[in-house]
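**Q** After the structure tokens below, expect a handful of questions from me.
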Amino acid sequence: MNRRTVLRAGAGLLAGGAALALPPAPLAAAAADPTDGWTQKSFTYSWQKPWNLDLSDRHSSSGGVDRMWVYATDEPFEEGSSTDPRTEMRWKVDYSTGNHMWDADVYLPSGTDGASFVQILRSVHPSGTPATDIMLNVYDTGGGTVRRYDGTVLRTNAYDTWFNVKIAHQASSGTGTIKVYLDDSLTLTVADRGPATRYFKNGVYNHGSGRAEARFRNIRYWTK
């Protein structure tokens with residue numbers, strides 16, 4: 001069959017002739033949700049805030065949003081403590097092994113600089129080892145830069161917008177693994193600091209100057 005015949009045959013098919021049915025194009029696989037295989041659990045918490053103030057002086061709750069703020073000149077959470085001022089939820093779910101996930105939508109107002117908004121604190125740990133497994137801090141650069149401590153950049157342009165944060169911790173009797181998801185995308189995988197009893201905290205822990213604030217909604221706890 002010459003080329004002209006082939007073109008005529010093709011034109012006939014386009015005009016309504018029978019044609020072979022082509023299989024549908026394969027669909028792209030949907031990205032797995034970080035909570036797939038996890039179970040949502042209830043949790044309780046206590047408050048840490050400047051010891052000489054009422055909670056209402058540094059916290060408000062409205063429309064499902066918990067808003068927390070603190071000033072660099074505020075007192076620490078305990079009288080005589082040398083720690084920086086804070087307004088934080090201290091989760092009362094202590095653990096040393098297993099899979100545990102902190103999950104919330106976060107809003108960081110512009111100008112908040114050098115403040116931690118979520119952390120895993122090691123309440124019982126071997127002497128000489130760090131007091132935290134991870135801290136996420138925000139700095140007043142790049143439209144709001146979220147970093148692991150003051151190092152690895154996880155996000156820029158974080159100010160004045162809601163975004164979801166998940167921290168999944170696979171804890172063990174040795175060294176475990178921590179994964180950070182931003183808007184359900186895996187952003188960071190790091191080792192923890194070794195065996196300890198620990199818990200989640202979220203709020204605003206001000207290591208900088210001036211006023212620091214963080215807001216949270218849809219706070220959830222997952223295990224598996």
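**Q** Looking at this structure, is residue 51 in contact (Cβ under 8 Å) with a residue 12 or more places away in the chain and assigned to a strand (DSSP E or B)?
**A** no
**Q** Being open to solvent by 40 Å² or more (accessible area, probe 1.4 Å), among the β-branched types (Val, Ile, Thr) and under 16 Å from the mean Cα position of the chain (by Cα) narrows it down to one residue among 161, 145; which is it?
**A** 161
**Q** Under 6 Å between Cβ atoms, which residue pairs at least 6 apart in sequence (or on different chains) link something in the stretch 110-132 that is more than 22 Å from residue 209 (Cβ to Cβ) and free of Cβ contacts under 8 Å to residues at least 60 places away in the same chain with a partner that is open to solvent by less than 60 Å² (accessible area, probe 1.4 Å) and of a type outside the set (Gly, Ala, Ser)?
**A** 131/122
One line per residue, one yes/no per condition, for (1) at pLDDT 95 or above; (2) in a loop (DSSP other than H, G, I, E, B); (3) open to solvent by less than 30 Å² (accessible area, probe 1.4 Å); (4) touching a strand residue (DSSP E or B) at 6+ places or on another chain (Cβ under 9 Å):
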{"position": "68", "(1), (2), (3), (4)": "yes, no, yes, yes"}
{"position": "73", "(1), (2), (3), (4)": "yes, yes, no, no"}
{"position": "81", "(1), (2), (3), (4)": "yes, yes, no, no"}
{"position": "88", "(1), (2), (3), (4)": "yes, no, yes, yes"}
{"position": "110", "(1), (2), (3), (4)": "yes, yes, no, yes"}
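**Q** Can you pull out every residue in the stretch 112-140 that is of a type in the set (Ser, Thr, Tyr), out of contact with any Asp or Glu (no Cβ under 7 Å at 6 or more places or on another chain) and part of a loop (DSSP other than H, G, I, E, B)?
**A** Residues satisfying the conditions are 127, 129.
**Q** Quick one: in the stretch 33-51, which of the residues that are open to solvent by 70 Å² or more (accessible area, probe 1.4 Å) and of a type in the set (Phe, Trp, Tyr) is farthest from the chain's Cα centre (by Cα)?
**A** 51
The values are calculated or read from the model by the stated rules, or taken from the named source; none is laboratory data. These numbers were taken from a predicted model, which means no experiment stands behind them. Neighbour counts run over all protein chains shown; Cβ positions are idealised from the backbone, glycine included. Remember, those area values only see protein heavy atoms, side chains included, never the ligands or the DNA or RNA. Shrake-Rupley method; radii C 1.70, N 1.55, O 1.52, S 1.80 Å.
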